[in-house]
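Visitor: Have a look at this one.
The values are calculated or read from the model by the stated rules, or taken from the named source; none is laboratory data. Just so it is clear, the model here is predicted, and its values are computed rather than measured. Note that we place each Cβ from the backbone using ideal geometry, even for glycine, and neighbour counts take in every protein chain shown. Each accessible area value is taken on the protein alone, full model and side chains, heavy atoms only, with ligands, DNA and RNA left out. Shrake-Rupley method; radii C 1.70, N 1.55, O 1.52, S 1.80 Å.
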Amino acid sequence: MKKLIPIIFILPLIFACNKDKDNRYTRNSLEYNLYQGSDFNYEGKVTLRELVSGQLEMHIELIGAKSTEDYFFPAHLHFSTYDGPDSPIAFQLNPINNKDLKSTTILGMMSNGQNLDFEAFKNFDGHIKIHLAESGPDYNVILAAGNIGLNDNSRESFEREAISICLPTY
(Lines give C-alpha, C1' and ligand atoms only; values in the text may rest on other atoms or scores of the structure.)
Protein backbone atom coordinates (compact mmCIF):
# COMPACT_ATOMS: atom_id res chain seq x y z
CA MET A 1 0.00 0.00 0.00
CA LYS A 2 2.87 2.39 0.80
CA LYS A 3 4.23 1.91 -2.72
CA LEU A 4 0.85 2.68 -4.25
CA ILE A 5 0.51 6.10 -2.60
CA PRO A 6 3.51 7.71 -4.43
CA ILE A 7 2.24 6.31 -7.73
CA ILE A 8 -1.14 7.91 -7.19
CA PHE A 9 0.55 11.31 -6.74
CA ILE A 10 3.07 10.92 -9.58
CA LEU A 11 0.66 9.78 -12.32
CA PRO A 12 -1.31 13.06 -12.44
CA LEU A 13 1.96 14.99 -12.78
CA ILE A 14 3.04 12.84 -15.72
CA PHE A 15 -0.28 13.34 -17.49
CA ALA A 16 -0.22 17.07 -16.75
CA CYS A 17 3.23 17.40 -18.37
CA ASN A 18 2.06 15.59 -21.50
CA LYS A 19 -1.06 17.75 -21.65
CA ASP A 20 1.01 20.95 -21.44
CA LYS A 21 3.09 19.88 -24.43
CA ASP A 22 -0.04 19.28 -26.52
CA ASN A 23 -1.38 22.71 -25.55
CA ARG A 24 1.31 24.25 -27.75
CA TYR A 25 -0.67 23.20 -30.83
CA THR A 26 -4.05 23.89 -32.35
CA ARG A 27 -5.96 21.04 -33.96
CA ASN A 28 -4.69 22.07 -37.41
CA SER A 29 -2.20 19.71 -38.97
CA LEU A 30 -1.28 18.36 -42.40
CA GLU A 31 0.81 15.39 -43.53
CA TYR A 32 2.75 14.89 -46.74
CA ASN A 33 4.85 12.04 -48.04
CA LEU A 34 8.45 12.22 -49.16
CA TYR A 35 9.46 9.73 -51.83
CA GLN A 36 12.79 8.15 -52.67
CA GLY A 37 14.72 10.54 -54.90
CA SER A 38 17.88 8.57 -55.74
CA ASP A 39 19.57 5.20 -55.36
CA PHE A 40 19.74 5.88 -51.61
CA ASN A 41 16.78 4.21 -49.95
CA TYR A 42 15.14 7.08 -48.02
CA GLU A 43 11.48 8.01 -47.83
CA GLY A 44 9.58 9.86 -45.18
CA LYS A 45 6.81 11.98 -43.89
CA VAL A 46 6.37 15.70 -43.28
CA THR A 47 3.98 16.81 -40.57
CA LEU A 48 2.94 20.44 -40.41
CA ARG A 49 1.30 21.61 -37.19
CA GLU A 50 -0.05 25.00 -36.24
CA LEU A 51 1.19 26.37 -32.94
CA VAL A 52 -1.24 28.35 -30.77
CA SER A 53 0.87 31.42 -31.62
CA GLY A 54 -0.15 30.98 -35.28
CA GLN A 55 3.34 29.92 -36.34
CA LEU A 56 3.84 26.70 -38.27
CA GLU A 57 6.04 23.84 -37.10
CA MET A 58 7.33 21.43 -39.74
CA HIS A 59 8.57 18.04 -38.61
CA ILE A 60 10.38 15.74 -41.05
CA GLU A 61 11.02 12.09 -40.32
CA LEU A 62 12.86 9.91 -42.80
CA ILE A 63 12.87 6.14 -43.03
CA GLY A 64 16.21 4.68 -44.12
CA ALA A 65 19.72 3.92 -42.95
CA LYS A 66 20.76 5.67 -39.74
CA SER A 67 24.31 6.31 -38.58
CA THR A 68 26.13 6.63 -35.28
CA GLU A 69 28.29 9.44 -36.70
CA ASP A 70 27.27 13.09 -36.80
CA TYR A 71 26.07 13.93 -40.29
CA PHE A 72 23.22 16.16 -41.40
CA PHE A 73 21.16 16.10 -44.60
CA PRO A 74 20.17 19.58 -45.80
CA ALA A 75 16.44 20.15 -46.26
CA HIS A 76 14.69 22.90 -48.20
CA LEU A 77 11.15 24.11 -48.68
CA HIS A 78 10.87 25.21 -52.33
CA PHE A 79 8.39 27.13 -54.41
CA SER A 80 6.66 25.17 -57.22
CA THR A 81 6.59 21.39 -57.72
CA TYR A 82 9.56 19.04 -57.32
CA ASP A 83 9.88 18.74 -61.09
CA GLY A 84 9.72 22.48 -61.77
CA PRO A 85 12.94 23.89 -63.22
CA ASP A 86 14.61 26.67 -61.25
CA SER A 87 12.33 26.28 -58.24
CA PRO A 88 13.82 28.74 -55.74
CA ILE A 89 14.28 27.91 -52.08
CA ALA A 90 11.41 29.35 -50.07
CA PHE A 91 12.80 28.45 -46.65
CA GLN A 92 15.94 26.75 -45.37
CA LEU A 93 14.74 23.97 -43.04
CA ASN A 94 16.76 22.61 -40.16
CA PRO A 95 18.94 19.75 -41.41
CA ILE A 96 17.99 16.15 -40.75
CA ASN A 97 20.19 14.41 -38.23
CA ASN A 98 21.52 11.15 -39.65
CA LYS A 99 21.42 9.57 -36.18
CA ASP A 100 17.64 9.72 -35.80
CA LEU A 101 16.56 10.92 -39.29
CA LYS A 102 14.44 13.72 -37.81
CA SER A 103 14.24 17.47 -38.07
CA THR A 104 11.87 20.11 -36.70
CA THR A 105 11.68 23.69 -37.95
CA ILE A 106 9.50 26.64 -36.98
CA LEU A 107 8.72 28.36 -40.27
CA GLY A 108 9.34 32.07 -40.45
CA MET A 109 9.57 34.61 -43.22
CA MET A 110 10.17 32.97 -46.57
CA SER A 111 12.68 34.17 -49.15
CA ASN A 112 9.95 36.20 -50.89
CA GLY A 113 9.16 38.09 -47.65
CA GLN A 114 5.90 36.25 -47.01
CA ASN A 115 4.88 34.50 -43.78
CA LEU A 116 2.44 31.65 -44.19
CA ASP A 117 -0.37 30.89 -41.78
CA PHE A 118 -2.06 27.48 -41.74
CA GLU A 119 -4.78 28.34 -44.29
CA ALA A 120 -2.26 29.88 -46.69
CA PHE A 121 0.00 26.83 -46.37
CA LYS A 122 -2.79 24.53 -47.58
CA ASN A 123 -2.75 26.52 -50.84
CA PHE A 124 1.04 26.90 -51.02
CA ASP A 125 2.57 25.86 -54.36
CA GLY A 126 5.65 24.05 -53.11
CA HIS A 127 7.73 20.99 -52.42
CA ILE A 128 10.44 19.71 -50.10
CA LYS A 129 13.81 18.25 -51.07
CA ILE A 130 16.31 16.47 -48.84
CA HIS A 131 19.90 16.54 -50.17
CA LEU A 132 22.79 14.18 -49.48
CA ALA A 133 25.18 17.08 -48.82
CA GLU A 134 25.26 20.85 -48.33
CA SER A 135 27.61 21.42 -51.28
CA GLY A 136 29.73 19.74 -53.91
CA PRO A 137 28.60 16.95 -56.24
CA ASP A 138 26.59 15.23 -53.49
CA TYR A 139 24.38 18.33 -53.25
CA ASN A 140 22.81 17.20 -56.53
CA VAL A 141 21.81 13.86 -54.96
CA ILE A 142 18.22 14.18 -53.75
CA LEU A 143 17.55 11.60 -51.05
CA ALA A 144 13.82 12.30 -50.82
CA ALA A 145 11.34 14.77 -52.26
CA GLY A 146 7.64 15.45 -52.27
CA ASN A 147 5.09 18.06 -53.23
CA ILE A 148 3.26 19.95 -50.51
CA GLY A 149 0.41 22.43 -50.20
CA LEU A 150 -1.97 22.42 -53.15
CA ASN A 151 0.25 20.12 -55.27
CA ASP A 152 -0.48 16.42 -55.83
CA ASN A 153 1.47 14.40 -53.25
CA SER A 154 0.35 10.92 -54.30
CA ARG A 155 2.79 8.08 -54.94
CA GLU A 156 1.16 7.52 -58.32
CA SER A 157 2.05 11.02 -59.51
CA PHE A 158 5.65 10.94 -58.23
CA GLU A 159 8.35 10.41 -60.87
CA ARG A 160 11.83 10.15 -59.42
CA GLU A 161 13.48 10.83 -62.79
CA ALA A 162 11.65 14.17 -63.05
CA ILE A 163 13.14 15.74 -59.88
CA SER A 164 14.84 19.01 -60.73
CA ILE A 165 18.09 20.01 -59.08
CA CYS A 166 17.76 23.17 -57.03
CA LEU A 167 20.16 26.02 -56.75
CA PRO A 168 22.06 26.08 -53.43
CA THR A 169 21.29 29.75 -52.74
CA TYR A 170 18.10 31.78 -52.15
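Visitor: Based on what the data block shows, is residue 74 closer than 27 Å to residue 25 by Cβ, open to solvent by 60 Å² or more (accessible area, probe 1.4 Å) and modelled with pLDDT of 95 or more?
Guide: Taking the combined requirement at face value, the residue does not satisfy it.
Visitor: Across the range 151-164, what is the total count of residues that are open to solvent by less than 80 Å² (accessible area, probe 1.4 Å), out of contact with any Ser or Thr (no Cβ under 8 Å at 6 or more places or on another chain) and in a loop (DSSP other than H, G, I, E, B)?
Guide: Summing the residues that are open to solvent by less than 80 Å² (accessible area, probe 1.4 Å), out of contact with any Ser or Thr (no Cβ under 8 Å at 6 or more places or on another chain) and in a loop (DSSP other than H, G, I, E, B) in the range 151-164 gives 5.
Visitor: For the range 99-122, does any single residue satisfy the condition of being under 17 Å from residue 36 (Cα atoms), surrounded by fewer than 18 Cβ atoms within 10 Å (Cβ to Cβ) and at pLDDT 95 or above?
Guide: yes
Visitor: Also: State whether the residues of the range 100-113 include one that is within 17 Å of the chain's Cα centre (by Cα), under 22 Å from residue 161 (Cβ atoms) and in a loop (DSSP other than H, G, I, E, B).
Guide: So far as the range 100-113 goes, no, none of its residues is within 17 Å of the chain's Cα centre (by Cα), under 22 Å from residue 161 (Cβ atoms) and in a loop (DSSP other than H, G, I, E, B).
Visitor: Now for a different question. With a cut-off of at least 2 residues that are of a type in the set (Lys, Arg), within 30 Å of residue 162 (Cβ to Cβ) and without any contact (Cβ under 8 Å) to a residue 40 or more places away in the chain, name the strands (runs of 3 or more DSSP E) lying wholly within the range 18-81.
Guide: In the range 18-81, the matching strands (runs of 3 or more DSSP E) lie at 43-51.
Visitor: So, in the range 77-97, of the ones that are over 27 Å from residue 25 (Cα atoms) and under 16 Å from the mean Cα position of the chain (by Cα), which residue ends up surrounded by the fewest Cβ atoms within 10 Å (Cβ to Cβ)?
Guide: Only one residue tops the list, namely 81.
Visitor: From the set of residues in the range 135-150 that are assigned to a loop (DSSP other than H, G, I, E, B) and touching a Phe, Trp or Tyr at 6+ places or on another chain (Cβ under 8 Å), which is least open to solvent (accessible area, probe 1.4 Å)?
Guide: Across the range 135-150, the extreme among qualifying residues is 141.
Visitor: Would you point out which residue out of 161, 156 is charged (D, E, K, R) and either within 14 Å of residue 34 (Cα to Cα) or in contact with a Cys (Cβ under 7 Å, 6 or more places away or on another chain) (or both)?
Guide: Going through 161, 156 in turn, just one is charged (D, E, K, R) and either within 14 Å of residue 34 (Cα to Cα) or in contact with a Cys (Cβ under 7 Å, 6 or more places away or on another chain) (or both): 156.
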